[in-house]
Amino acid sequence: MSRLNFTLEKEAPGSRARAARFQTLHGEVQTPIFMPVGTQATVKGQTIHSLKAVGSNVLLANTFHLLLRPGPEVFKKVGGIHKFMNWDRPVLTDSGGFQIFSLPESRRMREEGAHFRSYVDGDMKFLSPETSIGMQKAIGSDIMMVLDQCIPSTASHAEALAAMELTHRWALRSLEARGDSPQALFGIVQGACHPDLRRKSAEFLRALPFDGLAIGGLAVGESPELRYEFTGIAAEQLPKNLPRYLMGVGTPLDILEAVHRGVDMFDCIIPSQLAQRGAVFTSQGKLQLRRSVYKFSEEPIDPACQCQACREHTRAYLHHLSKADELLGWHLLSIHNLTFYHNLMRDIRAHILAGTFLSFYEKMRVQLGKPDSDNPATPPKPAKVFHYPKLGDYEIHAGPGGFNSVRQISSGEVMHSVNRPEDEAERLYIGQSALAARLIAADAPADELVIWDVGLGAASNAMAALKRFEQCYAEKGEKPLRPLRLVSFECDLDPLRLAAGKAGYFPHMRHAAPKTILADGRWSHFSGAMTWELRHGDFLALFGDAPPPDLIYYDPFSYKTDSALWTVETFTKLFAACASKSSELYTYSAATAARVALLSAGFYVGEGVATGPKSETTIAFSRPDGVTRHPNQPHLLGAEWLARWRRSTSKVPASVPAEARAAFEQRIETHPQFNPAP
């Protein structure tokens, strides 16, 4: 039974927003709620009196920082954090997982825990699920968090899976370490930007006796749109009878969007961090008070606000304090921002209880995104504007996860816009096709394995295949290695030329093969066991005399940009090219139009692995025995998909003439995949 006695009071019509209440050791909490961050037993620049005056009810403190200073002995001696800081309301303690994540150069992650170097005295320290819970017990917080492994939200599926499973094992250890303590304990859902992992993590944690569940690993690299999507995916999987906490998020707009998706609790350093820089949130938009336009302004920050800063001071005075870096300015602007956050939460809760949240949400999602419309900023022209390198119709694009891709300027389409290119190539093409097993297995055929790489682009997939071959070559020992022939098709070599010429932006380009393939159209491994050849031009005109493929990595631009490669006619020709072999095709698209085109051509079509925000990709087989022989036994589309297709308003690809549509639908209905022989 939960230690918090959680009560769900109301769910908003047309939204998953909810109002609830629960009881902690130091008082009742009403949700949705924002918790100011008091990392080191203090919210920067605030007293307990100013925090209560603005409406704060729950504070967040951090186990990692308090472990280093002042240490558990102090809390044990004084009787916990409430007496230590003279705060008589609830406290939630983070476990320290995010802070460990923030020390990539100063920590080592192990199964037992994290070894890290203290920023206080330089000594090596150790944080494990047991020591984290032990420290949180000494702190005496009302709500404790399990220790988790936080990773970038844009991490690969394999990395995210490993971190999630470690977090799960640590969650079990944290529960055991909690014992019979009356303090509540929350588990943390991880899984980065991979829907299947988020669902798997929630399924695991909701079966355990936690008092609440948190959503971790967001606001660490993904776009706002992905953050909202994965907040919704995770929240949807969490039980209704426990509080839901989105860790480290965020702006007022982030919070509004997350409440709409069913989240109850929030924390973030933004109110005080932006206040230190002179930025405030108001009913008129976000203001930057350091700007000279406010130097003579006698208005309050926000005429709709009654906080101390707005009641007692003008924008001119607060502009002066901020420009002079006076602590009083930080203090007053933090008061205003915290008041804004708490008032927003109060209004959200009131509208949920009144059943009017959806209209409030639609209004506020526009208002909270407004700039300072009365005083638009005109930034000075920089002395020199940096532009990413470009070549022809392509330019280097810096992704939000700290990696680079290639963007087509005319269409705006980005090659690998969400996932690191090498990570997507590994998961979608190399790993899913079990390339290593096909090359080095004891029963591997002696004839060459032929891969068609359709849509060479910046060679992410081709170089991933080459890298896997080189790994197999190094590890094969006395085992025979099946010869590999990689055939890449591309009509425009500018993306490859751009990436190869700027290899500093693309780690996978740091190899002799790309420049050799550009210069000679062919590259061979020194062993002679692998060849890579380039076929430059129109794929439809070139693949006819290519060796029949075993594997097809189908990665052209999308239908919008490269429609000719996604038609029924193209896939029919491709199917005919596979007549002499049992071939497999892998592609990033899970669009109905692509799948029915493949089915119409004769392929057997199944669900491919998830990649980043895509919950499914597509895998297709030229023969039914390809499905049964595949190492991963992929799931073919079945009756459920067929029923959805029948209900679809776009059952037939647009390229199919009107007079041929009935025959097309009949081919899908009678496909052997859906009508197996008795």
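Tabulated results
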quantity	calculated
Radius of gyration, Dmax [segment 11-268; alpha carbons; angstrom]	17.2, 54
Helix-derived mean residue ellipticity, 222 nm - over the chain, DSSP H n ≥ 4, -39500 (n - 2.57), to 500	-10500 deg cm²/dmol
5 angstrom amide H check on Val406, placed H, neighbours 5+ away	His397, Met415
Label zone at Ser411 (point 7 Å along Cα-to-Cβ), backbone N below 16 Å, segment 547-566	554-566
Alpha-carbon centroid distance for the pair segment 616-678 / segment 175-190, whole angstrom	47
Inter-probe distance in nm under a simple model that places probes 7 Å from Cα toward Cβ, at Ala207 and Phe296	7.0
Relative contact order [Cα under 8 Å, 6+ residues apart], the chain, whole percent	10
Which of Cys310, Cys491, Cys305 has the fewest Cβ neighbours within 10 Å, and the rest in rising order	Cys491, Cys305, Cys310
Separation of alpha-carbon centers, segment 464-489 and segment 383-432, rounded to whole Å	26
Gain in span if fully extended, Asp347 to Glu312, counting 0.36 nm per residue against the direct Cα distance	10.2 nm
Viscosity 1.306 mPa s, temperature 10 °C, Stokes-Einstein D of segment 267-314 from Kirkwood C-alpha radius, µm²/s	139
Cβ-derived FRET efficiency at R0 51 Å, Ala398 paired with His635, nearest 0.05	0.90
Protection proxy ranking, peptides 185-198, 44-57, average beta carbon neighbours within 10 Å, highest first	185-198, 44-57
Relative contact order for segment 11-268, counting Cα pairs under 8 Å that sit 6 or more residues apart, in percent	19
Entry for Rg/Rh (Cα atoms, Kirkwood Rh) (calculated from the structure that is shown) out of (i) 1.02; (ii) 0.98; (iii) 0.95	(i)
Gained length - Asp625 relative to Asn5, 0.36 nm times residue gap less alpha-carbon distance	217.7 nm
Around Ala138: net Lys/Arg minus Asp/Glu count, Cβ-Cβ under 12 Å	+2
Rough spin-label spacing in nm, given labels placed 7 Å along Cα→Cβ, for Glu326 and Asp494	5.6
Using θ = phi - 60° and Karplus 6.51 cos²θ - 1.76 cosθ + 1.60, couplings along segment 339-347 (whole Hz; Gly, Pro as x)	4, 4, 4, 5, 5, 4, 5, 4, 5
Asp196-Ala158 pseudo-label distance in nm [points 7 Å out on the Cα-to-Cβ vector]	1.5
Segment 573-604 residues near the modelled Asn675 label - backbone nitrogen below 19 Å, point 7 Å along Cα→Cβ	596-604
Gain in span if fully extended, Ala541 to Ala474, counting 0.36 nm per residue against the direct Cα distance	20.4 nm
Three-way shape label, segment 521-570, alpha-carbon gyration tensor, a/c 1.5	prolate
Debye equation applied to the C-alpha atoms of segment 419-669, log10 I(q)/I(0) at 0.15 Å⁻¹	-1.08
Span from the segment 62-104 Cα centroid across to the segment 551-585 one, whole angstrom	58
Neighbour-count ranking [beta-carbon atoms within 10 angstrom, fewest first] of Tyr245, Tyr586	Tyr586, Tyr245
Relative exposure of Trp170, Trp641, Trp87, judged by other C-beta atoms within 10 Å (fewest first)	Trp641, Trp87, Trp170
Using θ = phi - 60° and Karplus 6.51 cos²θ - 1.76 cosθ + 1.60, couplings along segment 237-250 (whole Hz; Gly, Pro as x)	8, 8, x, 6, 8, 9, x, 10, 10, 9, 7, x, 10, x
Spatially close lysines, pair count over segment 11-268: Cα under 19 Å, gap of eight or more or interchain	8
Disulfide-incompatible cysteines by the Cβ rule (no partner under 4.7 Å) in the chain	Cys150, Cys193, Cys268, Cys307, Cys472, Cys491, Cys578
Hz values of 3J(HN,Hα) by residue in segment 190-195 - Karplus curve (6.51, -1.76, 1.60), Gly and Pro given as x	10, x, 6, 9, 10, x
Average Cα contact separation per residue, segment 123-246, under 8 Å, 6 or more apart, as relative contact order %	25
Ranked packing of 573-581, 12-20, 386-394, most packed first, by mean Cβ within 10 Å	12-20, 573-581, 386-394
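No value in this document is a laboratory result; all are computed from the given coordinates. Every value quoted in this text rests on a predicted model; they were computed, and no experiment measured them. Cβ sites come from the backbone with ideal geometry, for glycine too, and all protein chains shown count toward neighbours.
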